[in-house]
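As structure tokens, the structure follows; a few thoughts come after it.
The values are calculated or read from the model by the stated rules, or taken from the named source; none is laboratory data. Small disclaimer: the values here were computed from a predicted structure and weren't measured. Virtual Cβ from ideal backbone geometry, glycine too; neighbours counted across all protein chains shown.
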Amino acid sequence: MPSSQTKREVHANDAAIRNHARQATCFATLPGRQPGQVRDVALTADTSQQPERRRSLLRWLPAHRMFMRVFLVFGSLLLAMTALYGMLIVPLQQDSLLKVMYSQADIVSRSIIQACSEAMITDDFGFIVEHNLQVLQNNRNIRSVLITPKRGTIIRIAPEGWAMQDSAPQAEPDKTLENTTYGIVSNADGTTHYRYSTPIRFSGLSWGSIEINFTTSEYDANTREMYKQLLFISILVVLAILPVGYFFALWLIRPIADISQAASRVAQGDLDAHVDIARQDEIGQLSRSFNQMVDALQESRTRVRFYNQELEQKVAERTHELDELNRTLDQRVRDEISKRKEQETLLIHQSRLAAMGEMIGAIAHQWRQPLNALSLVMQNIRMQHRSGRLTEQSMARMQEKSEQLVQRMSSTIDDFRDFFKPDKHAVTFNLAQVIRSSAGIMDGVFNNHCIALSIDCDDDIEVFGIPGEFSQVILNLLSNAKDAVQDTHQRSPRIQVHASRDSDRVRICVDDNGGGIAPEVMDRIYEPYFTTKNDGKGSGIGLYMSKMIVENNMHGRLEASNTDEGTRFTIELDTPGRNSETASEQVA
Ligand SMILES: Nc1ncnc2c1ncn2[C@@H]1O[C@H](COP(=O)(O)OP(=O)(O)OP(=O)(O)O)[C@@H](O)[C@H]1O
Ligand SMILES: [Mg+2]
């Protein structure tokens, strides 16, 4: 459940976002706007979040790992320093205590030696004992005094009594006769005492040694006291660490945490997040840089929004244009297709008209001879009638000849009518027949211009298509070949048609010796209305139509190439078994 505090933050964020939207609009309408404007708005929004920063200090407790680390490091450091202090100071104190005991032992030993020197030389044991008992009485911390001569009787004086014993001869020289020794020694019962031993010399000669044993109770008490003080200081330090360490860590970490929190808000898209740290150190500098960075981000976001809006607007405009285009596209495509169809129909029509013109010329040519002959027959009839030589017999002969001529002319018309029949159904037809009937139409023209035409085609080759259309192709190729040999004034003009078949292809070549096609126009000969023939002799649609018929309707190929003497047009078609079904569908 979001707290009321969080809700307030959310509302503040919403308000800030609305603010941005307004800024974006301002930016769009006022190009000369200064960057400072954004900063002003941001700072206003920031002040509304001040109470959040003053939240309970408890929020710095363990959840903040960095805070805890600083706090722990600081505390550990202080504790370590206290421990170090203890480790250094206690031995020093103990050392000075030992020094005090040493100087006390030194003074006491000197005073005993000085006081008892005569008695020691004269072996006055009574005086020695009495004097030392007095010393022991005055110094309660002396446990015993041991006077050991080099030779003679050892005297041991303690508060509880004294004793004497003869010194045993020693194998090795006693070191206590040479040097002063001191230090704490352990007793058999686990207690300790301080032992001081020094040599006794008279006039430079070693007499013996004196050993004084002190109790260490005072030393132990002092040591215990020192440890108590150390403990006390440690507790004080620990107690001081808690508030001092807390405030130190707080002072160090809080601005960093503020910056981190603001950075998180910025990362979540809230560019109103600013930090308000009025410090002159590096952290203050960091907070100012952070605020500047957020301002820069806010400004670039405003710019990006502005550009986005502009982009969206442009996209919407383009989309609208595209929609409009799409709406009319169908219609346009339909219009274009129907235009194309009209054009094609027109072309086909033109092509048929051209072919018809060609054939009317051919018919006229075919008829010229029989008409001449018919005219001669009629002249003969007239002349014989005038001269009175017209007999029944000659009249019958000339009538028969006239009928033959008329029959021939009529059959020529039938040939051409068949040729123009609108047989739009693809069928399997005999290639040689169609080639020959097409060439037959041109016969008269070829004879007239002494053009030698040879047809070499097996009678059993069959192809699949519309025979009328295919005749038109052959007629176009023959007509072009005729024009070529005529235009180049060949001495022995020649046209050859050769058809062959291999396993699945039929190949028809139409060769002429008309000099060939100029290379620069070779790529253009199939373009509609392209012609090199002047004075309206050519319309430029013969090859275009032929290619359409061969490649679109019959699924073959029509190609032109130059030979040594002229041009070769090659038609390649599939044999009927291979594609008759497909072709039939397409033609239908
Ligand atoms: N056998 C050929 N030899 C030389 N040039 C040729 C031959 N066949 C075609 N061409 C060239 O190709 C051009 C285009 O021929 P196409 O049959 O399409 O048109 P055309 O013959 O000029 O006119 P038409 O529409 O009357 O046939 C011709 O003008 C001619 O330049
Ligand atoms: Mg032509």
Out of the strands (runs of 3 or more DSSP E) lying entirely within the stretch 434-539, which hold 1 or more residues that are out of contact with any His (no Cβ under 6 Å at 6 or more places or on another chain) and near ligand 1 (Cβ under 8 Å from one of its atoms)? 505-512
So the check is Cβ under 9 Å with 6+ separation or different chains; which pairs have a first residue in the stretch 124-139 that's over 13 Å from S111 (Cα atoms) and a second one that's outside any helix (DSSP H, G or I) and modelled with pLDDT under 90? F125/T153; F125/M164; V129/W162; V129/M164; L133/P159; L133/W162; Q137/P159
Residue pairs meeting the criteria (Cβ under 7 Å; at least 6 apart or on separate chains; first assigned by TED's automatic domain parsing to the domain that holds A484, in the stretch 515-532; second away from ligand 2 (no atom under 15 Å from the Cβ) and at pLDDT below 95): G515/T488
Spot the failing condition for V550; the list is (1) more than 9 Å from ligand 1 (Cβ to nearest atom); (2) more than 25 Å from S454 (Cα to Cα); (3) modelled with pLDDT of 90 or more, and only one is missed. (2)
For the stretch 262-293, which positions are within 21 Å of R69 (Cα to Cα) and exposed (fewer than 14 other Cβ atoms within 10 Å of the Cβ)? E282
Looking only at residues in the stretch 148-159 that are at pLDDT 90 or above and surrounded by 19 or more Cβ atoms within 10 Å (Cβ to Cβ), which one is nearest to the chain's Cα centre (by Cα)? I157
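Are any residues in the stretch 542-564 without any contact (Cβ under 8 Å) to a residue 60 or more places away in the chain and either within 16 Å of ligand 2 (Cβ to nearest atom) or surrounded by fewer than 21 Cβ atoms within 10 Å (Cβ to Cβ) (or both), and if so, which ones? Reasoning before the result, please.
Kept after step one, since they are without any contact (Cβ under 8 Å) to a residue 60 or more places away in the chain, are these residues of the stretch 542-564: 547-548, 551-552, 555-557, 559-564.
Hits for the stretch 542-564 are K547, M548, E551, N552, H555, R557, E559, A560, S561, N562, T563, D564.
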Look through I381, I363 and report the one residue that is at pLDDT 85 or above, surrounded by 13 or more Cβ atoms within 10 Å (Cβ to Cβ) and either within 16 Å of ligand 2 (Cβ to nearest atom) or β-branched (V, I, T) (or both). I381
Can you name the number of the only condition in (1) of a type in the set (D, E); (2) loosely packed, with under 13 Cβ neighbours inside 10 Å; (3) modelled with pLDDT of 95 or more that E572 fails? (2)
Any idea which of G516, G540 is at pLDDT below 90 and out of contact with any helix residue (DSSP H, G or I) (no Cβ under 7 Å at 6 or more places or on another chain)? G540
Might you let me know whether the stretch 255-268 holds any residue that is at pLDDT 85 or above and not in a helix (DSSP H, G or I)? yes
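Among what's in the stretch 498-541 and is of a type in the set (V, I, T) and within 16 Å of ligand 2 (Cβ to nearest atom), pick the residue that is surrounded by the fewest Cβ atoms within 10 Å (Cβ to Cβ). Show your work before the answer.
First, the residues of the stretch 498-541 that are of a type in the set (V, I, T): 506, 508, 510, 517, 521, 525, 531-532, 541.
So of that shortlist, the ones also within 16 Å of ligand 2 (Cβ to nearest atom) come out as 510, 517, 521, 525, 531-532, 541.
Numbers: V510: 23, I517: 19, V521: 12, I525: 20, T531: 17, T532: 14, I541: 22.
The residue in question is V521.
Being over 60 Å from the mean Cα position of the chain (by Cα) and part of a loop (DSSP other than H, G, I, E, B), is that true of even one residue in the stretch 99-122? Before the answer, list the steps.
First pass over the stretch 99-122, keeping only residues over 60 Å from the mean Cα position of the chain (by Cα): 99-122.
Subset that is part of a loop (DSSP other than H, G, I, E, B): 122.
The answer is yes; a qualifying residue exists.
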May I ask you to verify whether E321 is modelled with pLDDT of 85 or more, part of a helix (DSSP H, G or I), charged (D, E, K, R) and more than 29 Å from the chain's Cα centre (by Cα)? yes
